[in-house]
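Read through the structure below, which is laid out as structure tokens, and then see the notes.
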Amino acid sequence: MPAVDETQIKKYLSKYKYVGATKKHVVDVVTSFKSLTYDLQTFIFNDGNEKMLFTLQGTIPVVYKNNTYYIPICIWLMDTHPLNAPMCFVKPTPTMQIKVSMYVDHNGKVYLPYLHDWQPHSSDLLSLIQVMIVTFGDHPPVYSKPKEPVWPAYPPTNSYMPQPGGSGPSAAFCPYPTAGGAGAGNFPPYPTGAAFGPYPPGSTASAGPVAGYPRYPPDMDYPQPSGGYPPAAGYNSTGTITEEHIKASLISAVEDKLRRRIQEKVFQYQAEIETLNRTKQELIEGSSKIDTIISRLEREHVDLQKNITVLKDKEQELEKSLETLESAEAIDPDEAVTTTAPLYRQLLNAYADEAATEDAIYYLGEGLRGGVIDLETFLKHVRTLSRKQFILRATMQKCRQKAGLAG
């Protein structure tokens, strides 16, 4: 094959969407596989539409049982390559027959996981062909057609059949008998047994051998089917081949051929059924996954709607609270905390006064320590506050007892 003509390839790919990436794929393939050629041809789709597509044709080497075979293939590139996967076919020669399997259908179209999972940015034609080589090595896509049996003509017109007792070619020539009988046509009648020497008798094993014929072993018995062999259809008493025999032979040949064809069709349809069943199982599994995802999304949607409703309610409560606070008057701290009974109010006031007295004594001590007041002033105020604190604590103790509180 001549060197790769990138200019010609680019010309063929002028109407393609991604010329650069497609040209690189093609150059890599034709550089690695010299047996593949490229061209621009018309491709007819299943709906009857036609389109000019770039194609790679030729053979690829496949190793099967330590022998290398060259499998003819054809790869069609879509005009959106490498965005869409190419279409691959096996093109058997007249002496080949497609072997239908999970990877090749009866039309020769190739089905591979690599094609099914085609990725525009990571998949390429060179890797595709390598996958085809490995796959076809395990599952050959073609096989040789069985040779048709060659039936000899009856009889050959340019041959002679020497017969016992004959003399010369004229006596040995045996023309093919016609359907009208031995005397029909311009041929002489088929020679009868009277024109030749007698055959040796087979009933007397003890008799001597006839001249020219060996005698059978005397003690050998040959098994015969019960009732004897049925007379062969198409033979008359003289052993002549008739049209019925030819007809029966042709019918047998046709039956054998039809049987082979039917068996091939059965294998083909079985492979297609297995492929369809596998596809059906994958679709069922995918449908179950989709149903699970849809159910989960519906549950999440319901939960989300509930959360949105709760948030809207909280937002309205906050807005009302803000409006109330903005319109409300200033709150008196003494009136902010109220009690339910006068006894509890007395207890609350006594506790507040006692806490204030405690703080006053503390700060008097701090003032004495800092030299702000003298000792006499400190003792005077502490005695007064201590008496008040004692009375407040006694009041709280008595209120707690009256209220039935612990302590």
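The values are calculated or read from the model by the stated rules, or taken from the named source; none is laboratory data. This is a predicted model, so every value here is computed, not measured. Cβ atoms come from the backbone with ideal geometry, glycine included; neighbour counts cover every protein chain shown. Side chains included, ligands, DNA and RNA excluded: accessible areas come from the protein's heavy atoms. Shrake-Rupley method; radii C 1.70, N 1.55, O 1.52, S 1.80 Å.
Quick notes on this one:
- A viscosity of 0.890 mPa s and a temperature of 25 °C, combined with the Kirkwood radius over C-alpha pairs in the Stokes-Einstein formula, give the range 66-110 a diffusion coefficient of 205 µm²/s.
- For the range 266-382, alpha-carbon Rg over 2.2 N^0.38 Å: 2.90
- Were the residues from ALA403 through ASN277 laid out at 0.36 nm apart, the gain over their Cα-Cα distance would be 36.8 nm.
- Counting only lysines at least 8 places from LYS312 when in the same chain, those with an alpha carbon closer than 19 Å to its own are LYS320.
- Semi-axes of the equivalent ellipsoid for the range 334-407, Cα gyration tensor, largest first, Å: 31, 13, 8
- Shown here is the pair-distance distribution of the range 1-108: with all Cα-Cα distances grouped in 10 Å bins from zero up to the longest one, the shares run 13, 42, 33, 12, 0 percent.
- A protection proxy built from the mean count of other Cβ atoms within 10 Å ranks the segments 305-314, 85-94, most packed first, as 85-94, 305-314.
- Two-site FRET efficiency, GLN263 against LEU115, from Cβ-Cβ distance with R₀ of 35 Å, rounded to 0.05: 0.75
- Protein accessible area in the range 321-407, 1.4 Å probe - carbon and sulfur %: 57
- Applying D = kT/(6 pi eta Rh) to the range 261-332, where Rh is the Kirkwood radius over alpha-carbon pairs, T corresponds to 4 °C and eta to 1.567 mPa s, the Stokes-Einstein value obtained is 71 µm²/s.
- The phi-based Karplus calculation (6.51 cos²θ - 1.76 cosθ + 1.60; θ = phi - 60°) puts the 3J(HN,Hα) values of the range 108-124 at x, 6, 9, 10, 10, x, 5, 6, 5, 9, 4, 10, x, 9, 10, 8, 8 Hz, whole numbers, x for Gly and Pro.
- Per residue, the range 8-123 exposes an accessible area of 56 Å² to a 1.4 Å probe, with every protein chain left in place.
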